[in-house]
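Here the structure comes first, spelled out in structure tokens, and everything after it is commentary.
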Amino acid sequence: MARAKDGTIHYAGAEGGWGSMRGMALVAGAERPSADALKTLAKQNKPGGMMCTSCAWTKPAKPHMFEFCENGAKATLWDLTTRRATPEFFAQHTLTELRGWSDHDLEQAGRLTNPMRYDRATDKYLPCTWDEAYRAIGKKLRGYNPKSTIFYASGKASLETSYAWALFARLYGHNNLPDSSNMCHETTSVALKSTIGAPVGTCVLEDFEHCDAIFFFGQNTGTNSPRFIHTLTAARKRGAKIVTFNPIREKGLLEFRNPQSLQMVTGGKTEISHQYYQLKPGSDISAMLGIAKHVLAEEDRRGGVIDRAFIAEHTHGFEEFAEKVRSTSWETIEAETGLPRADLIAAAEVYIQAESAIGIWGMGLTQHVGGYDNVAGVVNLMLLRGNIGRLGAGVSPVRGHSNVQGQRTVGISEKPELVPLDQLSEQYGFQPPRDEGYTTVTGCEAIAKGEINAFLGLGGNFLRAVPDHRVMEKAWTGMGLTVQIATKLNRGHLFCGETAYLLPTLVRSERDVRDGMPQVVTMEDSLSCIHGSIGEAKPASPHLQPELAIVAGIAKAALDPNPNVPWEAWSNDYALVRDAIEATYPDKFKDFNQRLFTPGGFFKGNSARDRNWKTESGKAEFTVPSHLNATGFADADGVYRLMTLRSNDQFNTTVYGYSDRLRGIEGKRDVLLISPREMERAGLKEGQRVALVGDDSDGVDRVVEGLEVLPFNLPEGCVAGYYPELNPLIALGHHDGASKTPAAKSVPVRIRA
Ligand SMILES: Nc1nc2c(c(=O)[nH]1)N[C@H]1C(S)=C(S)[C@@H](COP(=O)(O)OP(=O)(O)OC[C@H]3O[C@@H](n4cnc5c(=O)[nH]c(N)nc54)[C@H](O)[C@@H]3O)O[C@H]1N2
Ligand SMILES: Nc1nc2c(c(=O)[nH]1)N[C@H]1C(S)=C(S)[C@@H](COP(=O)(O)OP(=O)(O)OC[C@H]3O[C@@H](n4cnc5c(=O)[nH]c(N)nc54)[C@H](O)[C@@H]3O)O[C@H]1N2
Ligand SMILES: [Mo]
């Protein structure tokens, strides 16, 4: 572990380079990947190959020789391990025992091989047949009020499976379709829909080839979307300026060493951000007001700074916004952000000098009580200079799961107004439910109240990813039916309803042959491009079924036959599902089957990119923020803003290992990161074990004990630690006001020594 002068821990090298090779080698060593893994990697993210299951960053038309990163490779090696969680494994361990295992050890038991049924008498999973599972699940579902059931999806399943999943829910009778997006970029989708009329980012890859400035708010590229660094280094070489706002000095946004080029050998590195500002967590609203303040001051002084013609023709609410900016003092902005005015003016100067600018964000903006105002703040900033709807400009959220955006596109949504229900009604001859379904948060609340009979999970680790673990784990076992479609064992599988099934499925890199025909699946990346993906590795077990066949199997058992919904034919020829998708969404998916392998994917289109604003006013909306920070709680003595973070050695709740290389934290995850100044103030010593205690007023006890104090370069008033270990500290009620995305980036906590 390297140390700075003030004793804080950090990573000494640049992102990329040998360190990232070592990360892959460690996973490869531990997982003993199958012979097919290397073949898969060679074609990963290339047209005709397998589209990576790690992040949602776009797959370019002209791929690099190795179009994958350390984490993409880890994801593939982790999937194509030779380790197996067989019925023999389950015979040896009760679920009570397995609840004592770490997230890492549970998944490292290996790939699930057989459908399993929970047996309460022995507290173990026992093997069963697919037929038995489908029949039992179907029978249970037929007995319930559909509205008392939840069908969750984590963002990996293909467009084909996702379309079938959402249709199944509606045919059965509900819109209870929360998705991992409800814990992630739902804030983005809600805020963009209401401000620019399109719920997704407006940029395509070409914009990054023409922009003059890129503004980063709370997105950790080096860890979470490393291939994006190629795009950034190319933009920087062209002369584009990069400005970053992040409470943590994240290595991947500071400098990069390309592991696939000469830089590996010569030791050279590329700097990424020109300006890097460590603002307080939750204070982006004020930082953006500060930038706007300088922009408007310059407009007043010399004119020609803001795009008046664009504002007049295309926007609504500018005057109210400008009034808010003018009436917020620099003193207030400095106090909120912890940044000197000079820093915000420097950032504003970059913005003013850029002909075209792009705004980027991730969980650092979305996972706050005031997340909506955060995202709307980026829109405000971009609207000032007409930076939406022209080449080189735009708003570009970086999504998480590889198909999370696509799942929403094809109907996985709890919001009926976002789904073409009339079209579905006509296409399939039924009355789709019209009432609003559960989000992750309202779904959890209903489970906690005992109102939910069944939970079906299409991938993911819902129970581990949500807030308030203790409350949720206790309530979970009160359900009548829990079904998990999964690839590896995780903690969420260890809590079972009265009847419970664990159904193993193929990973995307595995060969999926139906009726003798190899099948293609599709996904949509963060830049709205749709790609076909073919798996070629040998399946982990002969008993696995592809996700689409499992969805069809359950649907057939739970629903009466409908001649318009050919489950059997769909699960044997995915091209037929693509035809159905095209029929439901003719604009976005025209000639779907013909365009599968368009290099770089095919763009589904975006109305805001064409300056067609599908908002209430018919124009793009300036928003006046309701608060000057997004935390949702008042500062108080001894209360810290806790940020829950991802390490570069995990993918969400999948913990590959214990090396957060890019932050210099090795061998542990039970840590509390805190600045030396705050340590001194609180009388803490490095290495001391402390507890974090939730500071909510709802009377629920929220504690995580045994965290090791580590000095870390952080702004004042905040601390940080890892997700999901710290999720017991987050109250279910602590979420973005508009989208109900849990506010995992400023959780009120106290330290107990
Ligand atoms: N290796 C790897 N890749 C992943 C994932 C993974 O777990 N591992 N997860 C995938 C998923 S589902 C998602 S959603 C994405 C997540 O990717 P990101 O959107 O990057 O999310 P996080 O890593 O949670 O945190 C983002 C950053 O926000 C900063 N931050 C925290 N609070 C604030 C704030 O108030 N303001 C600002 N400006 N910054 C703040 C943190 O320091 C951190 O650098 O990554 C995807 N890719
Ligand atoms: N405190 C805190 N909480 C958070 C976050 C945070 O930053 N802080 N981030 C939130 C975010 S952004 C997200 S997206 C959620 C993530 O929530 P989820 O998406 O629910 O969780 P994952 O950890 O991605 O799910 C991992 C599991 O998915 C299964 N799996 C993997 N691949 C496949 C596949 O191809 N098919 C199927 N059927 N199953 C598969 C495996 O069994 C694996 O154990 O967590 C959220 N929770
Ligand atoms: Mo996510």
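Points worth noting:
- Built amide H within the under 5 Å cut-off of G497, gap 5+: T482
- Where only DSSP H runs of four or more residues are counted, the chain gives -9500 deg cm²/dmol as its mean residue ellipticity at 222 nm, each run worth -39500 (n - 2.57).
- Here each label is just a point 7 Å from Cα along the line to Cβ, and for R22 and K685 those points are 3.0 nm apart.
- Computed over the chain, relative contact order equals 23 percent, with contacts defined as Cα pairs under 8 Å that lie 6+ residues apart.
- Between the C-alpha center of the range 287-302 and that of the range 317-348 there is a gap of 8 Å.
- D670 accessible area, 1.4 Å probe, all protein chains in place, Å² to nearest 10: 70
- Taking N as its residue count, the alpha carbon Rg of the chain over 2.2 N^0.38 Å: 0.91
- Amide N proximity, the range 115-148 versus E97 label position 7 Å along Cα-to-Cβ, cut-off under 19 Å: 116-127
- The distance between label points at T129 and R301 comes to 8.0 nm (points 7 Å beyond Cα on the Cα→Cβ vector).
- For V719, the residues whose modelled amide H falls within less than 5 Å of its own, excluding neighbours fewer than 5 places apart on the same chain, are R641, L642, M643.
- Relative to the current alpha-carbon distance between T332 and D105, full extension at 0.36 nm per residue lengthens the span by 76.9 nm.
- Cut-off 19 Å (backbone N to label point 7 Å along Cα→Cβ of E498), residues of the range 434-449: 446-449
- Rounded tilt (10° steps) of 547-558 against the dominant C-alpha axis of the chain: 60
- Taking each residue as 0.36 nm, the span from D610 to E323 lengthens on full extension beyond its C-alpha to C-alpha distance by 100.5 nm.
- Ignoring lysines fewer than eight residues from K324 along the same chain, the ones with Cα atoms less than 27 angstrom from its Cα are K193, K280, K293, K614, K619, K740, K745.
- Going by accessible surface with a 1.4 Å probe and the largest first, H174, H210 read H210, H174.
- Solvent-accessible surface ranking, highest first, for E67, E686 at 1.4 angstrom: E686, E67
- Amide H to amide H, with H built 1.01 Å from N, C203 comes under 5 Å of V395, counting only residues 5 or more places away or on other chains.
- Nearest-0.05 FRET efficiency for E708 and E88, computed from C-beta distance (R0 41 Å): 0.65
- Degrees between helix 318-327 axis and first principal axis of the chain (Cα, 0 to 90, nearest 10): 60
- Potential lengthening between L391 and R750 on full extension [0.36 nm per residue; Cα-Cα distance subtracted]: 124.5 nm
- Rounded tilt (10° steps) of 284-302 against the dominant C-alpha axis of the chain: 40
- Percentage relative contact order, the range 111-231, counting C-alpha pairs under 8 Å, at least six apart: 14
- J(HN,Hα) series, the range 73-87, from Karplus relation 6.51 cos²θ - 1.76 cosθ + 1.60, nearest Hz, glycine and proline x: 5, 4, 4, 5, 5, 5, 5, 9, 5, 9, 6, 9, 9, 8, x
- Distance in nm between pseudo-label sites at Q431 and D637 (7 Å out along the Cβ direction from Cα): 6.2
- Reported to the nearest whole Å, the Cα centre-to-centre distance from the range 566-589 to the range 633-681 is 44.
- Pairs over the 21 Å Cα-Cα cut-off, from the set K39/K62; K43/K251; K46/K604; K74/K269: K43/K251; K74/K269.
- Short-range pairs are left out: with C-alpha atoms under 8 Å and at least six residues apart, the relative contact order of the range 186-398 is 33 percent.
The values are calculated or read from the model by the stated rules, or taken from the named source; none is laboratory data. All of these numbers come straight from a predicted model, not from anything done at the bench. Virtual Cβ from ideal backbone geometry, glycine too; neighbours counted across all protein chains shown. Side chains included, ligands, DNA and RNA excluded: accessible areas come from the protein's heavy atoms. Shrake-Rupley method; radii C 1.70, N 1.55, O 1.52, S 1.80 Å.
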